[in-house]
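Data block below; observations after.
The values are calculated or read from the model by the stated rules, or taken from the named source; none is laboratory data. Just so it is clear, the model here is predicted, and its values are computed rather than measured. In this analysis, Cβ positions are derived from the backbone assuming ideal geometry, glycine residues included, and neighbour counts consider all displayed protein chains.
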Amino acid sequence: MKHIEKLDLSFDIDALKQGLCDVLQICDWHPYHNQIGITQSIAADASEAWHDAAGSLLYQWGNDAFDENGRLKSIANPKIESEFSHLVKEFAGTIFDDIYHQLSSTYNLGRIRLMKSRPKTCLSWHTDSEKRIHIPIITNPGARLVIEDSANHLPADGSVYLADTTLYHTAFNSGFQDRIHVVACVLD
């Protein structure tokens, strides 16, 4: 796959799916971002800490995202990606705790999130400041990660991928089922 490397690491897909079911019994998806943070910043409020890592660190996505000139509103005092190095307490002892520890033993990480793409949706064409690790949990053949000129389907089989999201990319879900990945920001 162009711009995506399959890593020599995997997780049990049934454990990932069960872990997701367990998480969704105690945590809600962020209402604007369809994300649940596995890590949080040290300064996060203890209530709903799983939303601390959701969304952009730079822009105010949501119902009131654009100013009167049609430009994205910036966050006044943005957090730094490296601040998100603390596991959210609700994830202690879960498969996501295992993922956090295995990935952080090899990589310098920022936010780790569960990210959901609803059916028939697409992200903007953008770049990120760092590469991202993807672990698909739920997917369908119509879910693709597009980097530059390459569209790739990442199967939900426990595999772990490193995607060069510093290049222009998007993700779309043209299927009729949610697409849910663990996504970790790689700082080195």
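Structure notes:
- Selection status of W61, within 25 Å of I138 (Cβ to Cβ) and modelled with pLDDT under 80: yes
- Checking each residue in region 83-107 for being polar (S, T, N, Q) and surrounded by 14 or more Cβ atoms within 10 Å (Cβ to Cβ) picks out S85, T94, S104.
- Flag for H126 being of a type outside the set (S, T, N, Q) and either touching a helix residue (DSSP H, G or I) at 6+ places or on another chain (Cβ under 7 Å) or surrounded by fewer than 16 Cβ atoms within 10 Å (Cβ to Cβ) (or both): yes
- Matching residues in region 135-153 - criterion: being touching a residue at least 60 places away in the same chain (Cβ under 8 Å) and under 12 Å from V182 (Cα atoms): I135, I137, I138
- Selection status of K2, surrounded by fewer than 13 Cβ atoms within 10 Å (Cβ to Cβ) and at pLDDT 85 or above: yes
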